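Undergrad: Structure provided below as C-alpha cells; questions to follow.
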Amino acid sequence: MCRHLAYLGPPVTLASLVLEPEHSLFEQSWAPADMRGGGTVNADGFGLGWFPEGDTAVYGGPVRYRRSVPIWTDENLPGLAASIRSGAVIAAVRNGTVGMPYGQAAVAPFMVGNWLFSHNGRIAGWPESTQKLAERLPVADLLQLDAPVDSALLWALIADRLSDGIPPADAVAAVVQEVESVAPGSRLNVLLTDGEQLVATSWTHSLTVHRTPDSVTVSSEPFGPGTWTPVPDHSLLVATATTLHITPMEGPE
Ligand code: GLN
C-alpha cells in the first residue's frame, strides 16, 4: 500500500522532508518496511502538495506536483524539492491497488480549493460496495473525480461534507465510519490539511507521529532522526504545528 506523510511547522525544503532523511519517503518507495501485506514497492507515481511560503496573495492556496512515474526516475525532482520551502506539506508514493487505473490523476495528494488529501489503503469491494454512498453525491462531483479510483471517491465524499461546512475532523471520521459500514475490511488511512490544521486516521495501516516544540510530522513509517510514536490503529489524529490530539475511533469488531 502507498506510503504518505504530512508536515506542519516552520518552513523547510521539500527535499529535507521527502528526499534527504534516512528511510525517507523517497526510500520508502522501493524499500518500505511495514506494508502489512499490501504490495512490495510504491512505484505507481508520486505526488507532493504544499502551501507556498510567504505572501499568499501571490499564489493563494496549495500547489501540487504529481507524476505517474516512480519517484526515483524523476531527474527534476531533487532540484525542485531542494529549492521549494513550505510549512505545510502532504506527500505520497503510490502502489496502485489491483484493478485501479494507473496514471497521474490517480496519485495523491488530491486537491480541492484550499485542501490537500491523501489516502493509504483500499476500499473493499470497490466499486460496488460504495454505490449507495456515491449516489448521494452531486452528479457534477462524480463527473469531476480525478480518476475512477477508490481514493478519489473517498476524497469526494469528505470534500462534500467540508463544502457543507462540517468541521474537517468530523467529516473525516464520519466518512471513514460510513465507508467501513458498507465496505467492511477497508483500509482507510487518510491525511487532510488546509495548511493550518491536519486531520489523519489510522485505519488498519501503519501510522506514526513525530513532534518538536513547533512542528508535527505524521508518516506511514518513521524516517530521519528523533522519536516517533506509533498511532494506535483506529485512531483520529487532529493537529496543528503546536497541538496534537489522538482519539480512538470506533473500529470493526
Ligand atoms: N487504493 C488506492 C490506489 O489504488 C491507494 C493505494 C495504496 O494505498 N496503496 O491508489
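Taken together, the values in this text are just the output of simple stated rules run on the coordinates, not laboratory data. Remember, predicted model here, so these are calculated numbers, not experimental data. So basically every Cβ, Gly included, is an ideal-geometry build from the backbone, and we count neighbours across all protein chains shown.
Undergrad: About the Cα centre, and with charges only on the beta carbon of Lys, Arg (+1) and Asp, Glu (-1), how big is the dipole of the chain? Nearest 20 debye, please.
TA: That gives the chain a dipole magnitude of about 260 debye.
Undergrad: Once the piece of chain linking residue 75 and residue 13 is laid out straight, how much longer is it, given 0.36 nm per residue of separation minus the C-alpha distance between them?
TA: Full-extension gain reported as 20.6 nm.
Undergrad: When a/c is below 1.5 the answer is rounded, else prolate if a/b is larger than b/c, else oblate, so apply that to the range 192-247 with a ≥ b ≥ c taken from the square roots of the Cα gyration tensor eigenvalues.
TA: Taking the square roots of the gyration eigenvalues as a ≥ b ≥ c, the range 192-247 is oblate.
Undergrad: Any idea what the alpha-carbon Rg over 2.2 N^0.38 Å comes to for the chain?
TA: Normalised Rg, Cα atoms only: 0.92.
Undergrad: For residue 23 and residue 102, what does the FRET efficiency come to when R0 = 22 Å and r is the distance between their Cβ atoms, rounded to the nearest 0.05?
TA: In this case the efficiency is close to 0.25.
Undergrad: In terms of the Cα gyration tensor, with a ≥ b ≥ c the square roots of its eigenvalues, is the range 152-244 rounded because a/c is under 1.5, prolate because a/b exceeds b/c, or oblate?
TA: It comes out oblate by the Cα gyration axes.
Undergrad: Quick one: 110, 51, fewest Cβ neighbours within 10 Å first, how do they rank?
TA: 51, 110
Undergrad: Among 126, 45, 103, flag the residue with its Cα farthest along the positive direction of the charge dipole of the range 11-153, charges on Cβ as +1 for Lys/Arg and -1 for Asp/Glu.
TA: Most positive-ward Cα: 126.
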